[in-house]
Amino acid sequence: MTDSAPKSGRRNPLLERLYAEYPVFRDYLPLAIGIHKTFSERIPGLAKGQVWAAMQHHTGSTRYLKAIVEGAPRYDLDGNACGAVTAEQQTLAANTLRERFKKAADRRKAELEQQKLELEQQKLEQQRQQKLRQLADKFSSR
(Lines give C-alpha, C1' and ligand atoms only; values in the text may rest on other atoms or scores of the structure.)
Protein backbone atom coordinates (compact mmCIF):
# COMPACT_ATOMS: atom_id res chain seq x y z
CA MET A 1 0.00 0.00 0.00
CA THR A 2 1.79 3.05 -1.27
CA ASP A 3 -0.78 5.80 -0.89
CA SER A 4 0.12 9.43 -0.93
CA ALA A 5 -0.16 11.55 2.18
CA PRO A 6 -3.61 11.70 3.70
CA LYS A 7 -5.95 14.38 2.45
CA SER A 8 -6.85 16.75 5.24
CA GLY A 9 -7.80 20.37 5.54
CA ARG A 10 -4.54 21.36 7.24
CA ARG A 11 -1.20 20.63 5.63
CA ASN A 12 1.90 19.75 7.59
CA PRO A 13 5.02 20.21 5.44
CA LEU A 14 7.17 18.00 7.68
CA LEU A 15 4.64 15.19 7.58
CA GLU A 16 4.34 15.48 3.81
CA ARG A 17 8.13 15.21 3.59
CA LEU A 18 8.16 12.15 5.85
CA TYR A 19 5.46 10.50 3.71
CA ALA A 20 7.46 11.22 0.58
CA GLU A 21 10.84 10.04 1.90
CA TYR A 22 10.04 7.19 4.28
CA PRO A 23 7.81 4.23 3.38
CA VAL A 24 7.25 3.44 7.08
CA PHE A 25 5.29 6.69 7.34
CA ARG A 26 3.59 6.39 3.96
CA ASP A 27 2.50 2.80 4.68
CA TYR A 28 1.42 3.59 8.25
CA LEU A 29 3.63 0.93 9.80
CA PRO A 30 4.05 0.97 13.59
CA LEU A 31 7.00 3.25 14.28
CA ALA A 32 9.97 2.53 16.52
CA ILE A 33 9.78 4.15 19.92
CA GLY A 34 11.78 7.39 19.77
CA ILE A 35 11.79 7.54 15.96
CA HIS A 36 11.28 11.31 16.15
CA LYS A 37 14.87 11.62 17.39
CA THR A 38 16.12 9.77 14.31
CA PHE A 39 14.39 11.96 11.77
CA SER A 40 15.29 15.06 13.78
CA GLU A 41 18.94 14.02 13.28
CA ARG A 42 18.42 13.33 9.57
CA ILE A 43 16.54 16.58 9.00
CA PRO A 44 18.47 19.24 10.91
CA GLY A 45 16.83 22.44 12.06
CA LEU A 46 13.42 21.04 12.94
CA ALA A 47 11.57 22.80 15.74
CA LYS A 48 10.33 20.54 18.54
CA GLY A 49 6.81 21.85 18.06
CA GLN A 50 6.92 21.00 14.37
CA VAL A 51 8.10 17.45 15.14
CA TRP A 52 5.50 17.05 17.89
CA ALA A 53 2.65 18.22 15.62
CA ALA A 54 3.69 15.88 12.81
CA MET A 55 3.98 12.91 15.14
CA GLN A 56 0.65 13.66 16.86
CA HIS A 57 -1.12 13.90 13.52
CA HIS A 58 0.43 10.71 12.13
CA THR A 59 0.21 8.48 15.20
CA GLY A 60 -3.31 9.66 15.94
CA SER A 61 -4.59 8.76 12.48
CA THR A 62 -7.09 5.94 12.12
CA ARG A 63 -4.83 4.04 9.70
CA TYR A 64 -1.90 4.16 12.12
CA LEU A 65 -4.03 3.09 15.08
CA LYS A 66 -5.37 0.15 13.04
CA ALA A 67 -1.79 -0.92 12.33
CA ILE A 68 -1.03 -0.80 16.06
CA VAL A 69 -4.11 -2.91 16.82
CA GLU A 70 -2.87 -5.55 14.36
CA GLY A 71 0.26 -5.87 16.50
CA ALA A 72 2.83 -5.79 13.72
CA PRO A 73 6.47 -5.18 14.61
CA ARG A 74 7.71 -1.62 14.98
CA TYR A 75 9.97 -0.22 12.26
CA ASP A 76 12.76 2.33 12.06
CA LEU A 77 13.07 4.91 9.25
CA ASP A 78 14.95 2.44 7.06
CA GLY A 79 12.17 -0.14 7.29
CA ASN A 80 14.00 -2.48 9.66
CA ALA A 81 11.96 -4.23 12.35
CA CYS A 82 13.06 -3.02 15.77
CA GLY A 83 10.69 -3.89 18.56
CA ALA A 84 7.13 -4.97 18.96
CA VAL A 85 3.81 -3.39 19.74
CA THR A 86 2.83 -4.39 23.28
CA ALA A 87 -0.57 -5.79 24.25
CA GLU A 88 -1.18 -2.64 26.29
CA GLN A 89 -0.50 -0.45 23.24
CA GLN A 90 -2.83 -2.62 21.14
CA THR A 91 -5.58 -2.27 23.75
CA LEU A 92 -5.13 1.48 23.99
CA ALA A 93 -5.29 1.84 20.18
CA ALA A 94 -8.37 -0.40 19.99
CA ASN A 95 -10.12 1.64 22.70
CA THR A 96 -9.22 4.89 20.93
CA LEU A 97 -10.64 3.59 17.65
CA ARG A 98 -13.78 2.30 19.34
CA GLU A 99 -14.39 5.69 20.97
CA ARG A 100 -13.67 7.51 17.70
CA PHE A 101 -16.10 5.32 15.73
CA LYS A 102 -18.77 5.63 18.44
CA LYS A 103 -18.47 9.43 18.43
CA ALA A 104 -18.74 9.48 14.64
CA ALA A 105 -21.80 7.21 14.73
CA ASP A 106 -23.41 9.34 17.45
CA ARG A 107 -22.69 12.47 15.43
CA ARG A 108 -24.27 10.93 12.29
CA LYS A 109 -27.29 9.82 14.33
CA ALA A 110 -27.74 13.31 15.77
CA GLU A 111 -27.46 14.85 12.30
CA LEU A 112 -30.10 12.46 10.92
CA GLU A 113 -32.43 13.22 13.83
CA GLN A 114 -31.91 16.95 13.24
CA GLN A 115 -32.68 16.55 9.54
CA LYS A 116 -35.82 14.56 10.38
CA LEU A 117 -36.94 17.26 12.82
CA GLU A 118 -36.33 19.98 10.24
CA LEU A 119 -38.36 18.05 7.62
CA GLU A 120 -41.24 17.64 10.08
CA GLN A 121 -41.15 21.36 10.85
CA GLN A 122 -41.16 22.18 7.14
CA LYS A 123 -44.12 19.87 6.60
CA LEU A 124 -46.04 21.47 9.48
CA GLU A 125 -45.26 24.93 8.15
CA GLN A 126 -46.47 23.92 4.67
CA GLN A 127 -49.70 22.57 6.19
CA ARG A 128 -50.13 25.80 8.17
CA GLN A 129 -49.59 27.89 5.04
CA GLN A 130 -52.06 25.73 3.11
CA LYS A 131 -54.73 26.18 5.81
CA LEU A 132 -54.12 29.92 5.85
CA ARG A 133 -54.57 30.04 2.07
CA GLN A 134 -57.78 28.01 2.36
CA LEU A 135 -59.12 30.37 5.01
CA ALA A 136 -58.09 33.40 2.96
CA ASP A 137 -59.82 31.94 -0.12
CA LYS A 138 -62.94 31.10 1.89
CA PHE A 139 -63.29 34.58 3.38
CA SER A 140 -62.22 36.50 0.28
CA SER A 141 -64.95 34.89 -1.79
CA ARG A 142 -67.71 36.30 0.49
Cβ pairs under 9 Å, 6+ apart or interchain, first in the range 96-108 and within 12 Å of Ser61 (Cα to Cα), second at pLDDT below 95 and among the hydroxyl-bearing types (Ser, Thr, Tyr), ordered by first then second residue, are Leu97/Thr62; Arg100/Thr62
With the structure loaded, tell me whether Asn80 is closer than 22 Å to Phe25 by Cα and without any contact (Cβ under 8 Å) to a residue 24 or more places away in the chain or whether it fails that test.
yes
Of the residues in the range 11-59 that are basic (Lys, Arg) and farther than 23 Å from Ala93 by Cβ, the one that is modelled with the lowest pLDDT is Arg11
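The values are calculated or read from the model by the stated rules, or taken from the named source; none is laboratory data. These numbers were taken from a predicted model, which means no experiment stands behind them. For neighbour counting, all protein chains shown are included, and Cβ atoms are generated from backbone atoms with ideal geometry for every residue, glycine included.
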